[in-house]
Amino acid sequence: MDETTLQTILMLCAAALALYLLCIRYDPQRPHARILRHSVTGLLLLTVWNLFPLPHLGMNPLSAVVTGALGLPGLGLMAVVNLLP
């Protein structure tokens, strides 16, 4: 299993924050901007979840969009889906 350093996590969060701010600045009501905003939010939620000693959730574009669109219930949904065989 690979270990993630604090510097990598901080860089990932900074990049996600920069993308989020750009998405808000440039007409966030457009469909592609909303998907980008949900993806960044989901990526941040999944990163925070994986920092805790809980079952690790995979980070991919689909799980990031679902988690970002649904928020905390989406995070719970991803945890339940991760436990399925």
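The values are calculated or read from the model by the stated rules, or taken from the named source; none is laboratory data. In this text the structure is predicted, and so the values were computed from the model without any measurement. No Cβ is skipped: glycine too gets one built from the backbone with ideal geometry, and neighbour counts run over all protein chains shown. All accessible areas refer to the heavy atoms of the entire protein, side chains included, with ligands and DNA or RNA removed. Shrake-Rupley method; radii C 1.70, N 1.55, O 1.52, S 1.80 Å.
Each residue in region 55-77 was checked for being open to solvent by less than 70 Å² (accessible area, probe 1.4 Å) and closer than 20 Å to residue 12 by Cα, and 11 pass. Give me the residue from region 26-41 that is touching a Pro at 6+ places or on another chain (Cβ under 9 Å) and not basic (Lys, Arg) and, out of that set, surrounded by the most Cβ atoms within 10 Å (Cβ to Cβ). For region 26-41, the residue satisfying everything is 39.
Being at pLDDT below 80 and in a loop (DSSP other than H, G, I, E, B) is the filter here, so list the residues in region 1-25 that pass it. The answer is 1, 2, 3, 4. In region 46-75, the residues that are without any contact (Cβ under 8 Å) to a residue 40 or more places away in the chain form Cβ pairs under 9 Å with partners that are open to solvent by less than 100 Å² (accessible area, probe 1.4 Å) and basic (Lys, Arg), at six or more places apart or across chains, as follows: 68/37.
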